[in-house]
Amino acid sequence: MKKQVIDVNQITKQVAANGKHAPVEILHGISLQANAGEFLSIVGPSGAGKSTLLNAMSGLSKPTSGEVHLLGQDPYRLRASQAAEFRRKQIGFIFQNYNLIPALPAFDNIVLPLRLAHKNVDRQKVAALLKQINFAADPSNFVSNLSGGEQQKVAIARVLVANSRIIFADEPTGALDSISRQIIFGLLRHLTKQGICIVMVTHDIEMAAATDKAITLRDGRLEKVINQPTAEALFQALNEEGR
Amino acid sequence: MLRIIWLQFRHSLKTWLLTLLLFIVTGFLIGTCLNAIFTIRDHFPNVPKPLNPTDVFAYPLIFGLLTVAIVSSGVVKLVIDGAKKEYTLWTILGANPRQLSGLIGGQLALIGALGSFVGFVLAVPLMVPLDTWLIVSFGLKAFFRTGSVFPFEFSFSACLLTVGFMAIVSGIAGYLHAHKRFVHGQNEILTTEKPRSLLQQLTYWSVVAVSTLGLVLAYGDSLIITPQAQRYLRVDNFHEAGKAYIPNLLLIILCSIVLFTAVAQLILPWLIKLWTLILPKKSSLEVNTAFWHTLVDKPYLASLISPLVAGSFMLTGITYIASDITNFGTNQEAAANTEASIIGFVGTPLLIILANVLTITIMTSASKRATLTQLAVLGFAPRNLIDEKIQEAFIYSTTFLISAVIMNIPFHLIVTHLVIATHNAVTLPWTAIFIWPVWLWLMMVIFIIAVNAWQVWRFTKKNQLMVA
């Protein structure tokens, strides 16, 4: 039985509206769980609250009510320095774009979590890791000189170097061509075999169908949880909700 | 960490270079003072203490460093806001508030060191005439009695100390200002407008309460004849009786500045809305646009106007104290007394405040390119854009003028009351409440128009929409 690493319990999220209007509720009482080594996808139409849910789950945006536990910890109860350490050591983030610090070369982006933790950097280990993920570019290149696919590989290398146990990915392949998309998804899939839990927001039904569990979201509500989803099942689920 | 600071500084160099003026001016002033102190030490080691002009240079040095430490908060805010996505990403990737603050502080130390070095080098050809003028202004003409002139000396130690002091002060100030911004809102990392924590709110309202109380007490105490003043009045020592109120007046200056700075973001938008009722907002496109532009960025509004109001009030306060309270001689001596006090205590901070106004105007102008593009797309011709910028400059400057004059009125009244109550002669007429605000208003208008007009000109040259 795999260890539960994510426990989200009845979270809601409200945002303040301007002027005299009441706050708007974006997420309505969402609960979900994920285990180590599980690949969970979150799908839904634009404006469904997918990114908001991801941000609330990952400790970036405190829910208005409800609880979040990551690896047994509530990230919103930690002090600023503890939360930063938690993010460095346990959680990895991969976004669609603007993933990497533009001021730093690729190598420094990869080892950033180690430097922030004042740990020694083993250059040979990093080089071996880059070879493992088929990173072809020069690690001393700055981010702006890398292709989209290479940038995502740097982001993946960063989470590997930090030994993150959970990765939150928001449209990680959204800005890539089809070949790069397959390569990056393949790398993410491989990470789950190492016991890393991945939560991925995606518009891509085919990609979601290749994950272990898919949850469908509409208007801030969790509509369905589909284990071992297929593209047809997801398409049907999203269409049913649309009626 | 040092490598990361250097890489981030290099990446953000264009932004940091926009802040250079502030540090060049500060380096110029601090360097002049330090060089003079070293020159006096090396060439006039045996000058008697009453004639030793070292203090003439020590006060501007200390006040200058304090001023740059305070006003650099505006620069730090603009730098963080300009790169908020990057600093949000740093936070997401695990940088804690101390590391982020160190990142900002380290970069500010670098630009402070660079700017101060340039300022020191620029000051070198002007050091002798400036030093001589300062010594004479402070009434120490006797220092030159022996016929000697102030020698030219390039002090390498003074240069190193200037760069060192600036790097340390800028670095620490940058760290502290940045820490205030990064330490809260860790549960809303992606939100750039962080709500104030309970501690920050308590601190804020405590500052408002204490400064208001201090103001009320100081004004109240100045309305009565204190026991100390009574003792002097009994023996007909009217001048000393007047001077007994100097601590009250200095407290009024301090509390007024602190209170205004604290409430500026709250009251300035209301002041703008009130006085611009007389402007043709409905009939003039440029006036209307300028009006909304001045209201939309409240932190910029406050960081532009607050330091100038503080500088204006300090100047007015020192002028009143030196002319009406400590003056006991001929008009010429009174003028000299006032001039020395202003130069010694307010001159350096004021020049740094003016450099800060120019710096944050340059930085804000550069970041408003998107607004210029938007206005151009909507149909603003180059002359409309420049006219809009002129209106903005007018609104900002006049809001400053009104704030500064309003602050001066009760101070004028209380000084006049004190002077009459202690049987002294009133030197300054009521129009003195306008002198410094008007001068600074003029400089502000010119500065802001110059910077913004240049930005519009650059934008117009590059923008293909603006075909003649």
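The values are calculated or read from the model by the stated rules, or taken from the named source; none is laboratory data. Predicted model only: the values in this text are computed from it and were never measured. Counting neighbours? That spans all protein chains shown, and the Cβs are built from the backbone with ideal geometry, glycine included. Please note that ligands, DNA and RNA were not included when accessible areas were found on the heavy atoms of the full protein model with its side chains. Shrake-Rupley method; radii C 1.70, N 1.55, O 1.52, S 1.80 Å.
Convex hull volume per residue, computed on the Cα atoms of chain B, equals 177 Å³.
Per-residue mean of foreign Cβ neighbours for A:59-70 is 2 (Cβ atoms of other chains, 10 Å radius). Largest first and in whole Å, the equivalent-ellipsoid semi-axes of segment B:1-195 read 41, 15, 12, each the square root of five times a Cα gyration tensor eigenvalue. Rg of the Cα atoms in segment A:4-242, relative to 2.2 N^0.38 Å, amounts to 1.02. Dipole of segment A:4-242 computed with +1 at Lys/Arg Cβ and -1 at Asp/Glu Cβ about the Cα centre; of A:228, A:210, A:11, farthest Cα towards the positive end is A:11.
For chain B, with all protein chains present and a 1.4 Å probe, just round the carbon and sulfur fraction of the accessible area to a whole percent. Roughly 71 percent, rounded to a whole number. Any chance you could list P(r) for segment B:265-468, counting all Cα-Cα pairs in 10 angstrom bins from zero, rounded to whole %? Pair shares across the bins are 8, 31, 28, 18, 10, 4, 1. Rg/Rh, computed from the Cα trace of segment A:8-76 with Rh as the Kirkwood radius, has the value 1.00.
Taking θ as phi - 60° and the Karplus parameters 6.51, -1.76 and 1.60, the scalar couplings of segment B:82-98 work out to x, 10, 5, 4, 5, 6, 5, 5, 3, 5, 4, 7, x, 6, 8, x, 5 Hz in sequence order, x denoting glycine and proline.
Across chain B, the longest run free of exposed loop sites, meaning chymotrypsin sites (Phe, Trp or Tyr not before Pro) lying outside DSSP classes H, G, I, E and B with no more than 15 other Cβ atoms within 10 Å, spans B:155-327. What number, in percent, do you get for the relative contact order of segment B:1-195 if the mean sequence gap of Cα pairs under 8 Å and at least 6 apart is divided by its residue count? So the answer I get is 38 percent. Take the accessible area of chain B alone and of chain A alone, subtract that of the pair, and you get about 2400 Å² summed over both chains, using a 1.4 Å probe.
If you wrap segment B:216-312 in the convex hull of its Cα atoms and look at it from every side, the mean projected area works out to 8.3 nm². Over segment B:20-136, all Cα pairs binned in 5 Å intervals from 0 give whole-percent P(r) values of 2, 10, 17, 18, 14, 11, 9, 7, 5, 4, 2, 1, 0, listed from short to long.
Full extension of the chain between residue B:154 and residue B:7 yields a length gain of 49.6 nm, computed as 0.36 nm times the residue separation minus the alpha carbon distance.
The magnitude of the dipole of the protein assembly as shown, with charges of +1 and -1 set on the Cβ of Lys/Arg and Asp/Glu and taken from the Cα centre, is near 1140 debye. Reported to the nearest whole Å, the Cα centre-to-centre distance from segment B:375-424 to segment B:212-236 is 32.
Ranking B:22, B:66, B:91 by Cα position along the charge dipole of segment B:1-195, where only Lys, Arg, Asp and Glu carry charges on their C-beta atoms, puts B:91 farthest toward the positive end. Only the Cβ atoms of Lys and Arg (+1) and of Asp and Glu (-1) were treated as charged; on that basis the dipole of chain A about its Cα centre amounts to roughly 820 debye.
Averaged over the residues of B:94-101, the number of partner chain Cβ atoms lying within 10 Å of the residue Cβ comes to 6. Each of A:179, A:159, A:199 was scored by the projection of its Cα onto the charge dipole of chain A, and the greatest displacement toward the positive side belongs to A:159; charges sit on the C-beta of Lys, Arg, Asp and Glu. Over the protein assembly as shown, DSSP H runs of length four or greater, each weighted -39,500 (n - 2.57), average out per residue to a 222 nm ellipticity of -20500 deg cm²/dmol. For the protein assembly as shown, the alpha carbon convex hull comes to 211 Å³ per residue, rounded to a whole number.
Working note: Cα gyration tensor of segment B:1-46, eigenvalues times five, square-rooted, sorted largest first, giving semi-axes of 35, 14, 5 Å.
At a threshold of 10 Å², the residues of segment B:10-25 that become less accessible to a 1.4 Å probe in the full protein assembly than in their chain on its own are B:10, B:11.
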